[in-house]
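Novice: Structure below; questions to follow.
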């Protein structure tokens, strides 16, 4: 049905910025740097090929995972294709989870990447998108 309403898990800002209307809104927005951190849990990602495509400056999506059995403030870090890269570290995620739960739109950008054997330390910067 052409006029059928659908529901989505995305917040309003991501709905606006991820469609053609977003092209009109993007010039009115800017990124506010909140914090520098890293991606936790990279050794637990099943498909490690997702890390091969990452480069400095890449935008990463952040998604709340409130039903996480280990951390009620869990925030997933996803690449632009929606593949899981890991999490915001538990020691850093309380304020960011509260902002996201309040409807704020946060993203991350890849900073540094260090490889030590199978361990990957991917530094990220977390930004608030302000309109």
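Novice: In region 11-25, is there at least one residue being surrounded by 17 or more Cβ atoms within 10 Å (Cβ to Cβ), in contact with a helix residue (DSSP H, G or I) (Cβ under 7 Å, 6 or more places away or on another chain) and either modelled with pLDDT under 95 or in a helix (DSSP H, G or I) (or both)?
Specialist: Yes, region 11-25 has at least one match.
Novice: Give the residues of region 44-65 that are assigned to a loop (DSSP other than H, G, I, E, B) and out of contact with any helix residue (DSSP H, G or I) (no Cβ under 8 Å at 6 or more places or on another chain), sorted by residue number.
Specialist: 46, 47, 52, 53, 54, 55, 56, 57, 58, 65 - these are the residues of region 44-65 that are assigned to a loop (DSSP other than H, G, I, E, B) and out of contact with any helix residue (DSSP H, G or I) (no Cβ under 8 Å at 6 or more places or on another chain).
Novice: Residue 93 - would you say it is over 10 Å from the mean Cα position of the chain (by Cα) and assigned to a loop (DSSP other than H, G, I, E, B)?
Specialist: For residue 93, the condition - over 10 Å from the mean Cα position of the chain (by Cα) and assigned to a loop (DSSP other than H, G, I, E, B) - is not met.
Novice: OK, next. Tally time: how many residues in region 27-43 are closer than 16 Å to residue 93 by Cβ, assigned to a strand (DSSP E or B) and in contact (Cβ under 8 Å) with a residue 60 or more places away in the chain?
Specialist: Total meeting the criteria: 5.
Novice: Still on this model: Between a residue in region 59-87 that is at positive phi and touching a residue at least 12 places away in the same chain (Cβ under 8 Å) and any residue that is surrounded by fewer than 19 Cβ atoms within 10 Å (Cβ to Cβ) and part of a loop (DSSP other than H, G, I, E, B), which pairs come within a Cβ distance under 7 Å, given they are 6 or more apart or on different chains?
Specialist: Cβ pairs passing all conditions: 86/41; 86/45.
Novice: Looking at 111, 82, which is the one that is under 25 Å from residue 30 (Cα atoms) and surrounded by fewer than 11 Cβ atoms within 10 Å (Cβ to Cβ)? Talk me through it step by step, then tell me what you get.
Specialist: On the way: 111 fails: surrounded by fewer than 11 Cβ atoms within 10 Å (Cβ to Cβ).
Within the list 111, 82, the selection yields 82.
Novice: Is it the case that region 69-85 has a residue that's over 11 Å from the mean Cα position of the chain (by Cα) and closer than 19 Å to residue 120 by Cα?
Specialist: Within region 69-85, none of the residues are over 11 Å from the mean Cα position of the chain (by Cα) and closer than 19 Å to residue 120 by Cα.
Novice: Can you work out which of the residues in region 84-131 that are under 15 Å from residue 41 (Cα atoms) and touching a helix residue (DSSP H, G or I) at 6+ places or on another chain (Cβ under 7 Å) is modelled with the lowest pLDDT?
Specialist: 118
Novice: Within region 80-90, work out how many residues are assigned to a loop (DSSP other than H, G, I, E, B) and in contact with a strand residue (DSSP E or B) (Cβ under 9 Å, 6 or more places away or on another chain).
Specialist: Qualifying residue count for the region: 4.
Novice: Next question. Being part of a strand (DSSP E or B) and either out of contact with any strand residue (DSSP E or B) (no Cβ under 8 Å at 6 or more places or on another chain) or buried (at least 18 other Cβ atoms within 10 Å of the Cβ) (or both) is the filter here; which residues of region 66-79 pass it? Break it down stepwise before answering.
Specialist: Here is the first cut: in region 66-79, the residues part of a strand (DSSP E or B) are 75-78.
Once the filter is applied, which keeps residues that are part of a strand (DSSP E or B) and either out of contact with any strand residue (DSSP E or B) (no Cβ under 8 Å at 6 or more places or on another chain) or buried (at least 18 other Cβ atoms within 10 Å of the Cβ) (or both), region 66-79 yields 75, 76, 77.
The values are calculated or read from the model by the stated rules, or taken from the named source; none is laboratory data. What you see is a predicted model; the values in this text were computed from it and never measured. Cβ atoms come from the backbone with ideal geometry, glycine included; neighbour counts cover every protein chain shown.
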